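The values are calculated or read from the model by the stated rules, or taken from the named source; none is laboratory data. Values in this document were obtained by computation on a predicted structure and should not be read as measured data. Note that we place each Cβ from the backbone using ideal geometry, even for glycine, and neighbour counts take in every protein chain shown. Keep in mind that these areas ignore ligands, DNA and RNA; they rest on the heavy atoms of the full protein, side chains included. Shrake-Rupley method; radii C 1.70, N 1.55, O 1.52, S 1.80 Å.
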Amino acid sequence: MNQYQLRRAEVFKVMEAGSIAILFAGDLIKRSADATYPFSVNRNFFYLTGCDEDSLVLILLKTSSTQKEILNIKDQNPLMEKWVGKSLKDLEAKTISGINTITPLSNYEPSLGRLMDRNGINVIYVDTERDSLNARVMEGEAFGRKIHKLYPGMKVVNLNHNINALRVIKHPDEISDLKKAIDITQHGVENALRHLRPGRKEYEVVADFNHSLALDNSDNAFETIAASGENACTLHYVSNQKTLVDGELLLLDLGATYGHYCADISRTFPINGKFSDRQKTFYSIVLQAQQNVFDAIKPGVSMGDLNNIVKQTYSVACVEAKIIDDASQLDTVYYHGVSHFLGLDTHDVGQMDGMILKPGMVITVEPGLYSSSEGIGIRIEDDVLVTETGCEILSPNILKSIEAIESFMNQSKD
Ligand SMILES: [Mn+2]
């Protein structure tokens, strides 16, 4: 069985007999006139099928005696293919997903009605998420509402948290995709660094990163942050307009994707190629906090524990370095969490609250330290796999120590 088959088998375990689960790849979203935004597949759909095309619909049927999988793909349209290229074919869909029954989308609604009728279906599972009362209605939610209307009394259940829980534990194939995304990110960081010098603009650094990503046939996992000097104290600074000043630091928070898996890396570099003593002091404290977190990561530890380690490190070191007067001022120089899940989404799905680390989880470790009065903002972020006994750093080769950064920056200027 391939990975997608194994994942669907896990979803079947959650389903009651006499039920159907429906998942949607998502539709193209109109931009203007006949232009659409680039398609971005629903990640749970992708996780369960491996198929990456708009409009596809996955149906899982479970009765007391059988389990059936159906993938609905676009009706074949040779004329349309002359304009937009080939759509997913039967055999291709079958090979990728491991689903034997592939049917055209035009068949989906009539056949769904029949399936429900003939199999005594009384539960419909959808996958829908809503993080705000005013968020756009997604396909899964719209379908759930339609079922409520058409089949009074039918139970509609949301599978979203069940699928998210599966996604939290990564398979070795997923780790391998993440490592590729991280390698591409490393190329991009090094290209940006080769061209980094005072007088250039923050957005030019972003352009150098993006140029490298494009050559690696990759894309941004999220909007790149290139924040120099005091801008780095704004956590999600993305306007990237400032001119790089000699003597200031540049904070980069960026990531490439591979097969939809996201890298998420932060590095902080001296714009002129050399850290000042004060910058070194800040940098070393953040590096130490990150190392202390790495040392603590193992199954059974909570994300809250990890953040406390950063705070403990800082509450001594930052007072000693006179960055703050006493530990009570800590939240003026450190004001975010140290970790989040990483995977098909940059801020990957999974319940964070009270989460206890387990082998196979992938998290970021990203302590930061920000003093706007000193014009210094630093964040160092690596991606980490939780193992049986500790952790594996997935991004060990991206320039990080003061010596490595300075030596790279002073050799490779062109
Ligand atoms: Mn991050």
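Things to note:
- Bridges between two residues of the chain, per DSSP, are antiparallel at a rate of about 80%.
- Whole-Hz couplings from phi, Karplus 6.51/-1.76/1.60, listed for segment 84-91; x for Gly and Pro: 10, x, 6, 9, 4, 9, 3, 5
- HN-Hα J in Hz across segment 282-293 - Karplus 6.51, -1.76, 1.60, θ = phi - 60°, x for Gly and Pro: 4, 4, 5, 5, 5, 4, 5, 4, 5, 4, 4, 5
- Crossing angle, helix 202-215 versus the chain [Cα axis fit, 0-90 degrees, rounded to tens]: 50 degrees
- Surface analysis of segment 338-414 yields an accessible area of 38 Å² per residue, using protein heavy atoms and a 1.4 Å probe.
- Kirkwood Rh in Å, taken over segment 14-145 so that all alpha-carbon pairs contribute: 15.9 Å
- Looking at segment 3-167, the accessible area is 54 square angstrom per residue; that uses a 1.4 Å probe and ignores ligands, DNA and RNA.
- Over the chain, relative contact order from alpha-carbon pairs under 8 Å, at least 6 apart, %: 13 percent
- The overall shape of the chain is prolate: from the C-alpha gyration tensor, with semi-axes ordered a ≥ b ≥ c, the ratio a/c is 1.5 or greater and a/b exceeds b/c.
- Taking trypsin sites (Lys or Arg not before Pro) in DSSP loop conformation with at most 12 other Cβ atoms inside 10 Å as exposed sites, the chain has its longest uninterrupted site-free stretch at 137-321.
- Shown for the chain: the carbon plus sulfur share of the solvent-accessible area, taken with all protein chains present and a 1.4 angstrom probe, equals 51%.
- Excluding the site residues themselves, the longest part of the chain lacking any chymotrypsin sites (Phe, Trp or Tyr not before Pro) in a DSSP loop with at most 14 other Cβ atoms within 10 Å is 40-334.
- Applying the criteria of a DSSP loop state and at most 10 other Cβ atoms within 10 Å to the GluC sites (Glu not before Pro) of segment 346-414 yields 388.
- From helices alone, the chain scores -11500 deg cm²/dmol at 222 nm; the rule is -39500 (n - 2.57) for each run of n ≥ 4 DSSP H residues, then divide by the residue total.
- A 1.4 Å probe run over the protein chains yields, for segment 182-270, 36 Å² of accessible area per residue, whole-number rounding.
- Subset of 68/94; 74/94; 86/180; 13/68; 62/155; 13/62 violating a 18 Å alpha-carbon distance limit: 86/180
- Nearest 10 degrees, 0 to 90: helix 172-194 Cα axis against the chain principal axis: 40 degrees
- From phi via Karplus (6.51, -1.76, 1.60), per-residue ³J(HN,Hα) for segment 110-115 in Hz, x at Gly/Pro: x, 6, 5, x, 5, 4
- In segment 167-233, GluC sites (Glu not before Pro) in a DSSP loop with at most 15 other beta-carbon atoms within 10 Å: 223
- Where N is the number of residues in segment 169-411, Cα Rg divided by 2.2 N^0.38 Å: 0.96
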